[in-house]
Amino acid sequence: MANHNLKTGDHLSPKSILIWRIVQTLVWLVGVLIIFNLIFYPTLGIHLFWNILIPIAPLLLVVATGLWRNICPMASTALFPRHMGLSKRKKLTLAEIGKLNLIAIIALFVLVPLRHAIFNLDGWATAWLILSLGFIAVIVGLRYEWKSAWCSGLCPVHPVEKLYGLKNKLRLPNAHCDQCHRCLALCPDKTPGIHPLSSKKTTSHKIAGFLTVGAFPGFVWGWFQVPDYSGIIGISELITIYKFPLLGLLVTSALFLVLKRFLKDKTLIAIFSAAAVSCYYWFRLPALFGWGLFPGDGMLVDLTGVLPEWVITVLVVVITFFFFWWIVFSRQGKISWVIRPAYALEGVNFGKNMYNKDNE
Ligand code: SF4
């Protein structure tokens with residue numbers, strides 16, 4: 001599906017579109033299968049979602065952000081009304097996009113700790129979470145143009161895409177937007193080198209960007225310091241599940257503000273990005289295979305009796321080196337997450353407060 005000859009503004013051939021639609025449909029059906037299992041076979045559903053799909057996602061966001069943007073089942077759901085010609089195709093103002101980005105990162109910080117208390121152990125609750133997000137995605141997709149409101153706005157995974165997808169090395173087409181209607185002032189899909197602090201146009205953009213870069217690594221560290229709880233959740237458990245992520249978030253936010261005085265923005269963002277994703281796998285890989293801080297929590301398969309512990313330690317160290325090399329030290333290419341399709345003939349039709357400069 002990668003097309004190395006594709007240039008910015010090129011249209012996809014009918015054959016390429018067909019292949020992408022088939023792949024998107026298959027991945028979407030995998031999503032449906034996971035929801036089915038979460039509801040009817042919760043143990044299997046939880047393994048498929050929380051212990052297989054979600055642990056793969058950060059790696060995919062680092063090395064192939066555009067591929068994920070093209071095949072994400074939630075994106076396919078959100079964009080279905082647009083593909084079917086049912087969307088009102090409204091354009092968001094810059095201020096509205098900033099607010100959606102801020103809501104997305106706050107939603108991430110609120111929802112993820114709830115995994116310990118609810119979602120990690122409850123297939124039904126996880127299914128309802130996914131379905132609720134899917135419902136919101138379709139509602140905004142029915143109203144707003146292409147990826148503006150969900151995929152680049154409200155989706156709680158989008159801030160992480162922006163933080164991890166700093167170094168893109170794959171040339172992939174945009175498998176959703178058939179033409180570019182310039183629905184976003186700074187479209188993350190078509191802007192090479194996009195990062196969470198790229199847009200500082202409004203206060204919401206600035207806060208969202210700061211939280212994504214500065215707060216997220218500490219939040220990830222804090223999340224892994226909390227065990228899963230089963231049974232009825234009281235206030236004290238809720239404090240416990242938020243306490244460490246909040247503490248971590250405050251510490252790295254302060255560190256970010258201090259380091260900002262000495263390092264260039266791009267270098268600092270890259271270091272925080274690599275630190276966040278490395279921290280995730282530092283804890284998550286051992287937990288998946290039985291060596292977690294809280295034995296049994298988030299375990300896919302117990303390999304403790306099969307492999308010596310140093311194997312997993314070596315794996316974690318190697319993957320940490322890889323992330324720092326890829327994100328911090330490897331060359332910054334001029335490739336955006338996906339290649340911009342041709343502009344629609346309607347031309348420049350910006351909303352009132354939109355940023356009027358082509359961002360490529
Ligand atoms: S590529 Fe163009 S149409 Fe698609 S989301 Fe970006 S700005 Fe909107």
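Where a number appears in this text, it was derived from the coordinates with a stated rule and is not lab data. What you see is a predicted model, and the numbers here were worked out from it, not measured in a lab. No Cβ is skipped: glycine too gets one built from the backbone with ideal geometry, and neighbour counts run over all protein chains shown.
Using only the C-alpha atoms of the chain, find the volume of their convex hull and express it per residue in Å³. With only Cα atoms used, the chain gives 145 Å³ per residue.
Applying the Karplus relation 6.51 cos²θ - 1.76 cosθ + 1.60 with θ = phi - 60° to region 89-106 yields 3J(HN,Hα) values of 6, 6, 10, 7, 7, 4, 5, 5, 4, x, 5, 4, 4, 5, 4, 4, 6, 5 Hz, where x marks Gly and Pro. Remark: spin-label model distance Gln179-Leu131 equals 3.8 nm, labels positioned 7 Å along the Cα→Cβ axis. With R₀ set to 56 Å, the beta-carbon distance separating Gln332 from Phe40 gives a calculated FRET efficiency near 0.75. Note on the chain: with charges restricted to the Cβ of Lys and Arg (+1) and Asp and Glu (-1), its dipole about the Cα centre is near 1620 debye.
Looking at the chain as a GNM with Cα springs under 10 Å, which of Ile54, Ile35, Ile17 has the largest mean-square fluctuation? With Cα springs under 10 Å in the chain, the top fluctuation among Ile54, Ile35, Ile17 is at Ile54.
Computed extension gain for Phe294 through Thr93, at 0.36 nm per residue and net of the alpha carbon distance, reaches 67.8 nm.
Put simply, the amide H of Ile339, placed in the peptide plane, has neighbours under 5 Å in Leu172, Asn174, leaving out anything fewer than 5 places away on its chain.
Once the Cα-Cα distance is subtracted from the 0.36 nm per residue extended length, the Val251 to Arg143 segment shows a gain of 35.0 nm.
For region 44-119 and region 288-310, what is the separation of their C-alpha centers, rounded to whole Å? Value for the Cα centre distance between the two parts: 29 Å. Model label sites at Asp265 and Ile239, defined 7 Å from Cα along the beta-carbon direction, differ in position by 4.0 nm. When the chain is described by a simple charge dipole with +1 on each Lys and Arg Cβ and -1 on each Asp and Glu Cβ, the residue from Leu102, Leu38, Val277 located farthest towards its positive end is Leu102. Once the chain from Thr25 to Ala342 is taken as fully extended at 0.36 nm per residue, the excess over their C-alpha distance is 111.7 nm. Positive-end ranking of Leu307, Thr77, Tyr242 along the dipole of the chain, with charges on Cβ about the Cα centre, is headed by Thr77. Each Lys and Arg adds +1 at its Cβ and each Asp and Glu adds -1 at its Cβ; summed about the Cα centre, region 1-151 shows a dipole of about 540 debye.
Reducing region 17-37 and region 139-158 to their Cα centroids gives an inter-centroid distance of 19 Å. Compare Gly134, Gly234, Gly209 in a GNM of the chain, Cα atoms joined below 10 Å, and give the one with the largest fluctuation. Greatest mean-square fluctuation among the candidates belongs to Gly234.
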